[in-house]
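To start, the structure under review is shown below, and the notes come after it.
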Amino acid sequence: MRATDGIFVVKDVNGKTIFKVKDSFFTLHDRRVLLDSAGNPLVILYKQIRSMHDRWNVFRGTSTEPEDLIFTVKRSSSIQWNYKLHVFLASNTAQDRCDFKVKDNVIYAGESSTVVAYMQKKDSVSSFLFGKDTFMLTMYPNIDYAFIVTVIVILDEISDGDLSKVIGNLTENLVTGIPTPTSN
């Protein structure tokens, strides 16, 4: 993942672009659009204007109709010193328990300790010379890539566009104790 000029570019291990996230300019609400490698819109990320918890709604394609809502992300508390997000799938209308949670650089399944993905900052020559942050994302099997990328983009927005303060350097080994994904 690389944040450049307000656009996220997500590449696979071979360097092939798999997603891009673009800003939607000239709107009353903050909006981002997740595009596939061919430039087709997959989801739109839409920030609610009046929200004490920085609530973002994610819809199919470019729709913002209630029936196209996929999930909602919000800070777990309106006052936080670190980054904790709760993710609620559209079917979870009560929102009394989150379906996924984000704590700093790790995404968990619900309220469990089951890790589904985690991120680390990857120092590179281009990040040093050009100020372009690069991150490494590790995902466990059977997790939707677009879902995880969307949650990370929202985390970036909530952290004021500075994932570096959420994610540590690879050399700091922040994920000690997190089991390595298996290829089952």
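Derivation of every value follows stated rules applied to the coordinates shown; laboratory data play no part. Since this is a predicted model, take the numbers as computed values, not measurements. Virtual Cβ from ideal backbone geometry, glycine too; neighbours counted across all protein chains shown.
In plain terms, the chain from Asp12 to Asn92 could stretch by 25.7 nm, reckoned as 0.36 nm per residue minus the Cα-Cα distance. The distance between label points at Thr138 and Thr64 comes to 3.8 nm (points 7 Å beyond Cα on the Cα→Cβ vector). Checked against a 22 Å cut-off, the cross-linked pairs Lys22/Lys74; Lys16/Lys74; Lys11/Lys47; Lys11/Lys84 give Cα-Cα distances beyond that limit for Lys16/Lys74; Lys11/Lys47; Lys11/Lys84.
Count Lys and Arg as plus one, Asp and Glu as minus one, and take only other residues whose Cβ is under 10 Å from that of Leu34; the net charge is then +2. Counting Lys and Arg as +1 and Asp and Glu as -1 over every other residue whose Cβ lies under 10 Å from the Cβ of Tyr46, the net charge comes to +3.
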